[in-house]
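Comments concern the structure below.
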Amino acid sequence: MHTPVTPSPATVEIVRHAFMSGAEQMRRNLCRSAYSPVIYEMKDCSVGLYDARGDLLGQAPGLPFFLGSLAGTIKLVLERVGAGAFEEGDVWLVNDSAICGSHLNDVTVFAPIFVDGTLRGFSGAKAHWNDVGAKDAGYVSDSTDIFQEGLRIPPMRIIRAGELDEQLLDLITLNSRFPGALAGDLMAQVTACRTGAERFHSIVDRYGWDQVEASIERFFAQAEAADRASVAEIPDGVYRAEGALDGDGISDRPVPVVVTVTVEGDEMTIDLEGSSPECRGSINSGIVQTRSAIQQAFKFLVNPDDPVCGGNFRNLEIKVPKGSCFDPSPTAACLHYGPHLMLAIDLVVRALSDAVPERAAAGHVGDSWNITFVNERGREPFLAGESIIGGWGAHEHGDGESALVHSAAGDFKNYPVEIMEQRYPLRLRRHGLRTGSGGDGRHRGGLGIVREYETLEPCLLSLWFERHDTPAWGLHGGKDGAPPEVWVTRPGEERRLVLKCNAMPVPAGTVVEVHSGGGGGWGDPAERSPQNRAEDERLGLID
Amino acid sequence: MAYRVAIDIGGTFTDLILEDVEGATMSTTKVLSTPGRLVDGVIEAVRACGAPPERIELFVHGTTAGLNALLERRGARVALVTTEGFRDTYLIGRGNRPRMYDLHYVKPEPLLDRAAIFEVRERLAADGSVLEPVDAASVAAVAGEIAAGGFESVAVVLLHGYANSAHEEEVGRLLSERLDVPVVLSHRVAPEWREYERTSTTVMSAYITPIMRQYVEELESALRAEGLAVPVYITESNGGMMSATVADEKAVLTLFSGPVGGVVGARAAGEALDIADLITIDMGGTSFDVSLVRGGEASLQSEFELQGLPVLAPAVEVHTIGAGGGSLIRADGDRLRVGPESAGAKPGPACYGRGGVEPTITDANLVLGRLPSEQRLAGSMALDVEAARAALARVGEPLGLQPEEVAEQALEIAHFAMAEAIRELTVERGLDPRDFTLCAFGGAGGLHATALAEELEITRVLVPTMPGAFSAWGMLQGDVRHDTVQTFYRSLDDAPADLPGAVESLKTQVLGLLERDGAGDRPIRFEAAADLRYVGQEYTLTLPLGDHEVADLAAHADALRDRFHDAYHQRYGHASRTEPVEFVTVRVAAIAALGDGDRPALAAAGAPAGAGEAAPVATGDYRQGGEVLTAALYQRDAITGPVEGPAIVMEETCTTVVGPGWTARPVAGGHLLLEKS
């Protein structure tokens, strides 16, 4: 007979923090030993420790978009292969969009953790690899099925009982244009998983499994109670918001997204019914990533400062129509798995902006705004890609912040000009705030930026700039922010507006001016204080 | 008679340590700090210490003037001059959102606003070549605007200024000809790439320069008036010290002038006892600082953040968490929390009787008998046990816990948080804390040392001499030190032939600084190091470079590469032995020893380690694990032989708990060594 264990409040608190700091240690090891800036600077990664069900024990700050994606992936893999498939010393990997939900570049590496021969948990590290053999180098923006997007890997062991599977590693690296970085990034993920397992064991060694398990249930319950209390403060009702993307990369037909939020007591339902069916272009996401993004939307409004664990989101029901771009067929193109999800996140905030204005904000950087210069066959092959920062929405408490990364990313850092010019045949002519781009209002939207590149060698240019036709919206009478614009001038040609393009050849001397969007304003512009207007004038923030 | 003096200004007290070089004695003087006019407190301490100022042969000073100006945002009005097209670099930062679920996130507050940023026409390429020369007319126009704007200091940061200093020198010269305020050049303060971080560092330096300058001038002239004949040295964030003259140019290097003293002291104490690896903990009322000494050297970091603003400057790595004697114990739902909020000096812990009603770590220590109620904190304050118990009872009631249970659990939480801070600096780097000695000082360090050691399975604890004024003690153990750095982006495989030249030019630079310090005639030691990484990675590892490697890299490149792989493997658990390795920066430190190696006072201080057992002055209840034990109470200066735990060792500004199973004994240098049996 199992005797119930009641851990002391101190033990619960310590175990909770120990899992978080274990995850933080995993993240640091991953970021410090990764090869690709997309991981160590842009933090396009997620790491965490999970229990044997796949529920989150502790997570370190990575991509907030991936909030629930590792848990979702581990659960799906458990369903597929069964808990019996895992052995001590294994490390697994998987990238298929139908299982991980995001594009094939995002590779999930995870390791089972055994305590006295029993599976007790997992450590996982998901990270973005620069090239997994898509049809073109760089960030493909015109794929129409998943086969054009790279190598699909089902759940497989890369390390079996401690031994690296060299053949599988060969298979993977053979399918990449940048195999060296890929192997380094994979090993960094493996190291992170091992670090996580060591920390998991040290926690169990310290307190014994019974105490740890009871502590987990306790802090899960505490997190659930906090979520319920927070939702209960939102007035009951059905709240709806809709919006559209400019196009799916293949056609310019708008892609509609509709969210309906129902609040009833301490429970919330978010329904995506009415949104676009599966797109021909790559604006599609697997169910795991869709759920993760909707959890992020919830998190923006419910206890945003609290750490996350498996006890959260128990009062959130997510409804996703089958066959929509949020739960497409297994072979749908998924490379741009983010734009419709980021729009859905913004719409959830917008839907509740009247019910809980103090928790909401006007529209902000609504897209990852990618620019990629690539030359895989030049004197020195290179791939320089970045995500452009922009203005955030104003809110009840003040102006929106300027020049911040989009909602899907968190502790991302942009590329210093000095490193960019040192590494790549590019020169930056300008990097500054885009004055006048913030939406007017009682509180002004944050400013976007202007970043001007000049190519010093011929290369291929890919652009993805969404949310031009429906820019960051103002709320409560505030004005919209300025939409993003990219102006390309090839030598001897006219300056022209290009928002999306795939592998466009550009000669040396081409100038690309990126003007990122500003955030939306909040409240009637007539109510903006004369002092604030004078200050905007003095600092030259408005045109 | 000759004397050496070190002064550490804390939030509450100014501590002075006086070393009588020939008489081989050390003494402390403690006076109240004088916020607003810190110099007054220093002069008062100097007068009170009894040494004739003209007999002082070394005067070292740790100052928080710069740090406090920054923390309280009382610095200078700074104008920033930068390359045309890049006006907003400093305001944009890196675009990150560390609070990632916060829709209302606000960036760390910059030290100047957009109206204080001016552009000049000029442009360098990444290799330092000139794309566009400096346009003197644009600089003159900017100088006019700065003069009209009433700015008190100027920071000059030009794109790729780390690769070629000529443009910054020229712009600096043109500005200085027209302006009567300090002009700080980025390549002198932080000659490293990454324009935002370098700008932030330069602006921060310019922000505190006028305040440091005024403070140092006042201090020097006041000390001259007292009769001091030698230059004033200031401790640097890197653990060394420099003359006040040089500090004026590199103010940013003095930011951690205060806290590093203890680390330097721990290193010196360890050296005397043949202990090369120490974890130092400095615990006061509000914070808990952790540092490492490894292989006899303090662990340095090359960059850090202050109030969210990055600083590229070498500093002794101090990891701080909000856990101190004043950390508040609170119930939150059915959770018990400790800190990071602190009761501070006012209202203070409940037991101070100054109006504090919430319990703190100090209250928990008191109720558990770890802090004897006869002990008077800071030498004067009586403690109220009943007030502490009542405060703990209020927190315990909703949780169904007795005051003593709350106290024990709160300490357990606090010790865990402290242990985590230590693990971050050790376990996370592949270091095992069990291989270290824990060196505990600060007013509250000794109270928690053995419990914390048990949490980390550390079996040896050093409570040094004068633990309450140990930072000042440490300052007397430092050397004059300068660090220089240069971005040096080269492949290791090519064994760059310009490495000796780069190292030589850095040596010339630091030698010049040592001469200006008045230390040019002392024995000087150079330490060269390189930041290396795998090609394509961002994070680097710093490896020391031997003279033979610098002189003939081609012959030793393979060995250096192997050392890199090994160091990488130690840190991350794997290494890519076939991947190419590159240099990113070269560093040179120059160290001039001020001591003559003959310091009898250090060895002889404190009571001799005899065999006699001291008699306890009293006994008291000591609670641990729900049990009530009896602890003997000792006065520290009466201890001459081994003392078995549980025991409490009291001295003027510090209490040390010798936990059950631990034995304390006095060792050479007046330190107390605690060992787990």
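Readers should treat all values here as calculations from the given coordinates under stated rules, not as data from a laboratory. Note that the coordinates shown come from a computational prediction; the quantities given were computed from them, not determined experimentally. All Cβ positions, even for glycine, are placed from backbone atoms using ideal geometry, and neighbour counts span all protein chains on display.
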Residues A:Met26, A:Met420, sorted so that the one with the fewest Cβ neighbours within 10 Å comes first = A:Met420, A:Met26
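Report the per residue volume, in Å³, of the convex hull enclosing the C-alpha atoms of segment B:607-676.
82 Å³
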Please state, to two decimals, what the Cα-based radius of gyration of segment A:191-343 comes to when divided by 2.2 N^0.38 Å (N = residues).
-> 1.28
Amide H contacts under 5 Å for B:Val535, placed H, 5+ residues apart = B:Val581, B:Glu582
At the level of C-alpha centres, the distance separating segment A:436-472 and segment B:15-35, in angstrom, is 61 Å
Exposure proxy order (Cβ contacts within 10 Å, fewest to most) of A:Tyr35, B:Tyr534 = B:Tyr534, A:Tyr35
Using 15 Å as the cut-off for backbone N distance, which residues of segment B:401-430 belong to the label zone defined by a point 7 Å from the Cα of B:Gln570 along Cα→Cβ?
-> B:426-430
Tell me, how many Å apart are the Cα centres for segment B:93-172 and for segment A:135-195?
-> 42 Å
Quick note, segment A:16-80: a/c under 1.5 would make it rounded; otherwise a/b > b/c is prolate and the rest oblate (a ≥ b ≥ c, C-alpha gyration tensor); here it is oblate
Name the long-range amide H neighbours of A:Phe114: under 5 Å, sequence gap of 5 or more, or other chain; modelled H, no Pro or chain starts.
-> A:Arg120
Cα-based Rg / Dmax (Å) for segment A:361-543 | 17.3, 58
What list of whole percents do you get for P(r) of chain B, with Cα-Cα distances grouped in 20 Å bins up to the one holding the largest distance?
-> 17, 48, 30, 4, 0
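Using helices alone, I'd like the mean residue ellipticity at 222 nm for chain A: each DSSP H run of four-plus residues gives -39500 (n - 2.57), total over residue count, nearest 500. Don't jump to the answer; show the numbers that get you there.
Numbers: 11 runs with 152 residues, N = 543.
Helix-only estimate at 222 nm: -9000 deg cm²/dmol.
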Using θ = phi - 60° and Karplus 6.51 cos²θ - 1.76 cosθ + 1.60, couplings along segment A:453-470 (whole Hz; Gly, Pro as x) | 10, 10, 7, 9, 9, x, 7, 10, 10, 10, 10, 9, 10, 8, 6, 7, 6, 10
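Quick one: if you take sqrt(5λ) for each eigenvalue of the C-alpha gyration tensor of the protein assembly as shown, what semi-axes come out, biggest first, whole angstrom?
Equivalent ellipsoid semi-axes, largest first: 49, 39, 30 Å.
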Rounded to whole Å and ordered largest first, report the semi-axes of the equivalent ellipsoid of segment A:9-221 derived from its Cα gyration tensor (root of 5λ).
-> 30, 17, 15
So how compact is segment A:62-170: Cα radius of gyration and Dmax in angstrom?
-> 14.7, 50
If you keep only loop residues by DSSP, which trypsin sites (Lys or Arg not before Pro) in segment A:480-515 have at most 15 other Cβ atoms within 10 Å of their Cβ?
-> A:Arg495
Can you list, bin by bin at 5 Å, the percent of alpha carbon pairs in segment B:480-592, starting at 0?
-> 2, 12, 22, 22, 16, 12, 8, 4, 2, 0
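Enter the mean number of other protein chain beta carbons within 10 Å of the beta carbon of each residue in A:14-26, as an integer.
On the way: counts 8, 1, 1, 4, 4, 0, 1, 7, 1, 0, 3, 5, 1.
Mean partner shielding for this stretch: 3.
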Would you please name the trypsin sites (Lys or Arg not before Pro) within segment A:241-340 that are DSSP coil residues with at most 13 other C-beta atoms within 10 Å of their C-beta?
-> A:Lys322
Cleavage-rule hits, trypsin sites (Lys or Arg not before Pro), segment B:325-414, DSSP coil, Cβ neighbours within 10 Å at most 14 | B:Arg354, B:Arg376
So what's Rg/Rh here for segment B:252-388, counting alpha carbon atoms and using the Kirkwood radius for Rh?
-> 1.06
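Where Rh denotes the Kirkwood radius from the mean inverse Cα pair distance, what is Rg over Rh for chain A?
0.97
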Rounded to the nearest Å, what's the spacing between the alpha carbon centres of segment A:219-247 and segment A:359-392? Just the number, please.
-> 30 Å
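After finding the eigenvalues of the alpha carbon gyration tensor for segment A:179-246, what semi-axes result from the square roots of 5 times each, listed largest first in whole Å?
Output for segment A:179-246: semi-axes of 37, 30, 5 Å.
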Cross-link list A:Lys43/A:Lys319; A:Lys299/B:Lys107; A:Lys135/A:Lys500: which exceed 24 angstrom alpha carbon to alpha carbon?
-> A:Lys43/A:Lys319
